[in-house]
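The structure follows.
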Amino acid sequence: MALADYEGMIHRCFRCGYCKFTSDYSYVGFNCPMYNKVRLESYSPGGLMWLIHAALVKEKLKPSKHLSEILYSCTLCRNCSEECRFQFHEDIVHVLKAAREAMVEKQLVPPMVSQFLKNVYDYGNPYRELKENRGHWAENTGIRQYEKGDEFLYYVGCVGSYDTVSQKAARALGRVLLKSGLSFGILGSREICDGNEVDMLGEKGLFEFLKEENTRTFKELGVKKIVTLSPHSYHALKNSYSDEFEVFHYTQLFRDLIKSGALDVSGGFRTKVTYHDPCFLGRYNHEYDAPREILTAIPGIELIEMERAKENAFCCGGGGGNFYTDILGGGESTPSRIRVMEARETGAKILAVSCPVCMMMLEDALKAEGLENELAIKDIAEIMDAVCGDSGA
Amino acid sequence: MDVYGSLVEIVGEEFVSDQEEELYIYSRDSGAQEPRKADYVVAPKKVEEVQKIVLLANREKIPITPMGGGLTLSGLAVPIKGGIVLDMKRMDRIIEINEKSRYAVLEAGVTQGALHSHLNKHYPHLEHSMPDAPPMATIVGNVVIQGHGHLSVSRGINSQMVNGMEVVLPTGEVCKLGSCSVSPHWFTRDPLPDLMGLFIGWLGTTGIITKISLQLLPKPKFRDLLTFTSNELDLLPDFIFDITQLNLLDNLFIISQEWPPWAQGILYVPIVSAQDEEEFALKIKLHKELLRKYEGKITLVEGKHAERMREARLPVPPVTLGVMAADTKQGGGFEYTGGIVPIEKVPEASSRSVEIAHKYGQPYLLGYQLLTGGHSMMCGLAYCLNRADDEDVEKVRKAIDETNRMILDVGGVLWKAEAPAQRLMMQRMDPNTIELMKRVLRALDPNAIMNPGNWSE
């Protein structure tokens with residue numbers, strides 16, 4: 001919905017600040033990545049709501065580049081909607097997104113946002129990578145193109161397709177699916193961006209275009225079921241695309257395949273693991289259990305929760321397009337750096353993720369903190385790939 | 001170098017702004033007071049930075065308004081005469097918890113939520129007196145405005161639980177008060193001259209508190225509340241006297257609101273606690289037995305309404321009815337007159353509050369809290385307002401002014417009073433008291449840079 005649809009609600013925010021915390025105050029600091037880093041009230045959910053009302057509803061402030069920078073510092077992690085005490089709490093993230101749409105219309109977005117959107121429009125991905133190369137990650141893996149009649153389309157997404165760190169997870173997921181015996185395939189060069197970040201950055205027209213293109217491809221190929229590597233893709237495909245496609249995040253599928261015996265985890269994986277909930281799987285889609293059920297089903301894994309977990313998980317800082325625009329990045333209080341330090345405090349040797357964006361962000365943070373020898377970032381798909389191999393780990 | 005450049009040099013570019021967006025946010029709060037524009041927003045991290053900012057402000061004759069959570073609702077952290085708003089929340093270190101002497105040494109930006117979380121995690125047998133405000137309120141902010149907490153009946157208001165302070169004086173010196181001025185330990189306020197009074201209740205006009213030592217208290221194993229209801233307002237002083245004669249309360253709320261209908265009478269919500277089950281049962285029993293004297297006139301509420309009250313009022317931090325009620329007008333604005341009155345004046349203040357609310361077309365929303373052993377009552381008449389409707393804001397501002405005058409008429413004083421309400425009090429204040437206040441301000445702040453316009457005629 002457009003900002004005008006929320007006009008009667010935007011000014012209802014009191015800036016009381018509940019939105020900055022975790023739900024049970026179990027954590028001493030703030031759980032809003034943007035406020036935690038910048039520490040000015042303008043960079044808080046309430047501050048944003050007041051600025052949006054002043055600049056984009058009442059015209060008391062002139063929409064500016066600085067306003068745009070503030071709006072795009074938000075990772076849209078949804079902690080505010082989760083923690084707000086008022087009836088309108090669900091609408092907070094909708095308003096933030098609608099405000100970005102208004103800024104796109106006014107052509108007042110930060111340069112990195114423009115670049116992201118232009119790249120997706122021109123190339124079907126934000127990295128300016130050639131469409132023909134989109135499936136290169138799958139070479140020599142045995143993962144084949146989707147064919148009519150396959151049960152699942154494995155939708156990889158832009159990050160898993162092009163980012164070299166995340167490609168490891170993409171390959172691992174494909175290998176595990178192969179081991180499970182499911183019939184599936186990828187789109188390769190026919191896959192284009194799912195549009196989740198385009199939507200979050202406020203380019204509604206482009207998002208509609210991507211939806212139409214992807215939907216046309218899915219229908220042409222007779223796709224009924226989709227499994228995604230990325231929770232971002234999962235969120236867009238499940239909640240914004242046609243409901244004729246049944247969409248799964250891969251952790252949901254793995255959990256079911258373990259239960260049915262199609263995936264054998266008896267090889268085990270002896271180590272201490274902590275798990276980071278991605279916002280688009282957790283707070284947006286309330287899937288907290290599937291990843292944990294996988295990890296706890298694997299003999300030898302000791303799952304240790306971080307202080308902030310599930311609905312209280314601290315965003316890696318990559319949401320809302322920030323993994324690319326990096327508006328919130330830089331310095332010790334970068335969300336991903338804080339998060340790897342929290343993971344380290346658990347004593348775990350592996351920080352497990354289930355999102356290529358989180359993986360990319362946390363891997364960079366690990367290097368920035370110099371923790372490579374103490375902690376490893378692994379996607380659950382990679383852990384499962386090792387467990388379901390011939391000898392376990 | 002200009003002021004902005006100097007501020008950047010002190011705290012770094014990231015934590016200074018003179019841009020319209022920050023100035024807009026720091027120039028208003030959720031209450032009904034007029035917005036007043038700040039010129040700079042600065043978020044220091046260290047006391048040395050605060051000191052340098054104060055010296056700069058003296059040099060340039062720029063006002064400074066210190067800000068904690070910014071949740072007074074009466075514009076006390078909104079600058080009256082422009083200048084620098086000093087957002088203290090980056091100074092957020094919990095420096096020390098002394099378990100045996102039960103105190104916490106905190107930087108000025110530590111929030112209620114942060115201390116609560118820290119104690120829960122590391123010292124689950126200790127607690128601090130937590131106000132009804134959202135957890136974003138700071139400990140120092142609450143102390144400066146003489147705020148109360150969930151232990152205000154048994155232990156006093158939060159400014160009475162301060163053992164020591166570090167203050168940056170308006171002329172830039174850093175000064176320690178309390179035992180920490182003579183010892184490394186922040187354990188007591190006595191038996192020294194009580195200089196902390198120079199910074200409590202002065203609303204940031206006398207200096208900037210950068211550290212504080214707050215008393216911690218044993219956390220009880222059992223805590224519960226009772227809900228009593230009555231339609232006879234005149235019984236209130238006698239009942240408050242009787243209930244405080246038991247001397248067993250942690251806290252006592254009194255609530256009366258037009259909506260929902262079951263809350264229209266007077267709801268008494270005593271909260272009691274104990275370390276032992278038998279002691280706890282006895283305390284509950286004694287409070288219930290009080291009702292015999294008031295048979296049929298003050299009665300126990302049970303069932304879903306009692307449970308609703310328990311859900312709303314028992315958790316610390318509270319899921320307050322005030323927070324929920326604030327949205328009844330769906331307008332994002334809320335302010336209440338915090339009149340502190342003698343117990344015997346509560347019925348008159350209440351009935352006149354209802355009249356004023358109705359005169360301004362508002363449903364009445366009264367939230368009272370007994371203070372410090374039962375010597376006085378904070379009578380809050382709350383107004384919801386629609387920030388998007390200038391006429392509504394103006395109407396509420398007038399209603400608040402009228403309520404303030406009424407509170408003074410019945411012999412009360414105004415808590416966390418907005419600038420116009422401060423002036424109302426000063427009109428009735430002993431002239432020698434005003435002169436003394438002026439002398440103190442002149443002595444401490446010769447350039448009148450600290451939150452000017454407050455405590456000013």
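The values are calculated or read from the model by the stated rules, or taken from the named source; none is laboratory data. Here the structure is a predicted model, which is why all the values come from computation and not from measurement. Methodologically, a virtual Cβ is constructed for each residue, glycine included, from the backbone with ideal geometry; neighbour enumeration extends over all protein chains shown.
Among the residues of region A:178-212, which ones are of a type outside the set (Gly, Ala, Ser), in contact with a Leu (Cβ under 8 Å, 6 or more places away or on another chain) and more than 25 Å from A:ALA2 (Cβ to Cβ)?
Within region A:178-212, A:LYS179, A:LEU182, A:PHE184, A:ILE186, A:LEU187, A:ILE192 qualify.
While we're looking at this one, here's another question. For the list (1) of a type outside the set (Ser, Thr, Tyr); (2) out of contact with any strand residue (DSSP E or B) (no Cβ under 8 Å at 6 or more places or on another chain); (3) assigned to a loop (DSSP other than H, G, I, E, B), I need the number of the one condition that A:GLU311 fails.
It fails just one condition, (3).
Out of the residues in region A:253-294 that are basic (Lys, Arg) and more than 14 Å from the chain's Cα centre (by Cα), state the one that is farthest from A:LEU375 (Cα to Cα).
Filtering region A:253-294 down to residues basic (Lys, Arg) leaves A:255, A:259, A:270, A:272, A:283, A:292.
From the residues that got through so far, the ones that are more than 14 Å from the chain's Cα centre (by Cα) too are A:255, A:259, A:270, A:272, A:292.
Values: A:ARG255: 25, A:LYS259: 29, A:ARG270: 15, A:LYS272: 10, A:ARG292: 19 Å.
Here the answer is A:LYS259.
β-branched (Val, Ile, Thr), over 22 Å from the mean Cα position of the chain (by Cα) and outside the structural domain of A:ASN285 (by TED's automatic domain parsing): is that true of A:ILE70 in this structure? It would help to see each step written out before you state the result.
Working: β-branched (Val, Ile, Thr): yes; over 22 Å from the mean Cα position of the chain (by Cα): no; outside the structural domain of A:ASN285 (by TED's automatic domain parsing): yes.
Answer is no for this residue.
I've got another one for you. Hey, can you tell me all the residues within region B:374-411 that are hydroxyl-bearing (Ser, Thr, Tyr) and in contact (Cβ under 8 Å) with a residue 60 or more places away in the chain?
B:TYR383, B:THR403
Please go through (1) more than 17 Å from A:SER230 (Cα to Cα); (2) modelled with pLDDT under 95; (3) not charged (D, E, K, R) for A:ILE258 and return the number of the only condition it doesn't satisfy.
So A:ILE258 meets the others, but not (2).
Look at B:GLU348 and say whether it is loosely packed, with under 14 Cβ neighbours inside 10 Å and acidic (Asp, Glu).
It is false that B:GLU348 is loosely packed, with under 14 Cβ neighbours inside 10 Å and acidic (Asp, Glu).
Going through region B:116-130 one residue at a time, which ones are in contact (Cβ under 8 Å) with a residue 60 or more places away in the chain and outside any strand (DSSP E or B)?
Across region B:116-130, the qualifying residues are B:HIS116, B:LEU119, B:TYR123, B:PRO124, B:HIS125, B:HIS128, B:SER129, B:MET130.
Filter region B:373-409 down to residues that are of a type in the set (Gly, Ala, Ser) and more than 30 Å from B:SER154 (Cβ to Cβ), then give me how many there are.
Selection size over region B:373-409: 2.
Out of the residues in region B:370-395 that are more than 14 Å from chain A (Cβ to nearest Cβ) and closer than 28 Å to A:LEU56 by Cβ, state the one that is surrounded by the most Cβ atoms within 10 Å (Cβ to Cβ). It would help to see each step written out before you state the result.
Kept after step one, since they are more than 14 Å from chain A (Cβ to nearest Cβ), are these residues of region B:370-395: B:370-381, B:391, B:394-395.
The next check asks that each one be closer than 28 Å to A:LEU56 by Cβ; those that pass are B:391, B:394-395.
Numbers: B:GLU391: 8, B:GLU394: 13, B:LYS395: 18.
Step by step, filter region B:370-395, then rank; the result is B:LYS395.
All but one of (1) out of contact with any Phe, Trp or Tyr (no Cβ under 8 Å at 6 or more places or on another chain); (2) within 14 Å of chain A (Cβ to nearest Cβ); (3) not polar (S, T, N, Q) hold for B:GLU307, so report the exception by its number.
Just one mismatch for B:GLU307, condition (2).
Go over the candidates A:GLU83, A:GLU101, A:GLU59 one by one and state the one that is touching a Leu at 6+ places or on another chain (Cβ under 8 Å) and outside the structural domain of A:LEU206 (by TED's automatic domain parsing). Steps first, please.
Details: A:GLU83 fails: touching a Leu at 6+ places or on another chain (Cβ under 8 Å); A:GLU59 fails: touching a Leu at 6+ places or on another chain (Cβ under 8 Å).
Every option except A:GLU101 fails the conditions.
State all residues of region B:19-49 that are within 15 Å of A:ARG39 (Cα to Cα) and either more than 13 Å from chain A (Cβ to nearest Cβ) or in a loop (DSSP other than H, G, I, E, B) (or both); if no residue qualifies, say none.
B:TYR26, B:ALA43, B:PRO44, B:LYS45, B:LYS46
Restricting to region A:31-47, and then to whatever is in a helix (DSSP H, G or I) and of a type in the set (A, V, I, L, M), can you tell me which residue is surrounded by the most Cβ atoms within 10 Å (Cβ to Cβ)?
Top of the filtered list is A:MET34.
Taking region A:322-365, which residues are surrounded by fewer than 24 Cβ atoms within 10 Å (Cβ to Cβ) and over 16 Å from A:THR75 (Cβ atoms)?
Residues satisfying the conditions are A:GLU332, A:MET341, A:GLU342, A:ARG344, A:GLU345, A:THR346, A:GLY347, A:ALA348, A:LYS349, A:ILE350, A:GLU363.
Of all helices (runs of 4 or more DSSP H) completely enclosed by region A:65-161, which ones contain at least 2 residues that are away from chain B (no Cβ under 14 Å)? Don't jump to the end; show me each part of the working.
On the way: elements: A:65-71, A:79-83, A:91-105, A:111-123.
Those helices (runs of 4 or more DSSP H) span A:79-83, A:91-105, A:111-123.
Just one of B:ALA133, B:ALA104 is within 14 Å of chain A (Cβ to nearest Cβ), of a type in the set (Gly, Ala, Ser) and either surrounded by fewer than 24 Cβ atoms within 10 Å (Cβ to Cβ) or assigned to a loop (DSSP other than H, G, I, E, B) (or both); which is it?
B:ALA133
Now for a different question. Determine if region B:70-84 includes at least one residue that is of a type in the set (Gly, Ala, Ser), in a helix (DSSP H, G or I) and either more than 20 Å from B:GLN146 (Cα to Cα) or not assigned by TED's automatic domain parsing to the domain that holds B:ILE209 (or both).
No: region B:70-84 contains no residue that is of a type in the set (Gly, Ala, Ser), in a helix (DSSP H, G or I) and either more than 20 Å from B:GLN146 (Cα to Cα) or not assigned by TED's automatic domain parsing to the domain that holds B:ILE209 (or both).
Hey, does region B:193-215 have a residue that's more than 24 Å from the chain's Cα centre (by Cα) and either touching a residue at least 12 places away in the same chain (Cβ under 8 Å) or surrounded by fewer than 17 Cβ atoms within 10 Å (Cβ to Cβ) (or both)?
yes
Sticking with this one: Can you tell me which of (1) more than 27 Å from A:GLY330 (Cα to Cα); (2) touching a Pro at 6+ places or on another chain (Cβ under 9 Å); (3) in contact (Cβ under 8 Å) with a residue 40 or more places away in the chain; (4) surrounded by 18 or more Cβ atoms within 10 Å (Cβ to Cβ) is the one A:LYS106 doesn't meet?
Failing condition for A:LYS106: (4).
Name the pairs whose Cβ atoms lie under 6 Å apart, with the first residue in region A:7-26 and within 7 Å of another protein chain (Cβ to nearest Cβ), the second surrounded by fewer than 19 Cβ atoms within 10 Å (Cβ to Cβ) and charged (D, E, K, R), and 6 or more positions between them or separate chains?
Short answer, once both residue conditions are applied: A:TYR18/A:ARG85.
Looking only at residues in region A:48-63 that are more than 9 Å from chain B (Cβ to nearest Cβ) and farther than 14 Å from A:LEU328 by Cβ, which one is surrounded by the most Cβ atoms within 10 Å (Cβ to Cβ)?
A:ILE52
For region A:343-383, how many residues are more than 23 Å from A:SER230 (Cα to Cα) and either assigned to a helix (DSSP H, G or I) or touching a helix residue (DSSP H, G or I) at 6+ places or on another chain (Cβ under 9 Å) (or both)?
Selection size over region A:343-383: 7.
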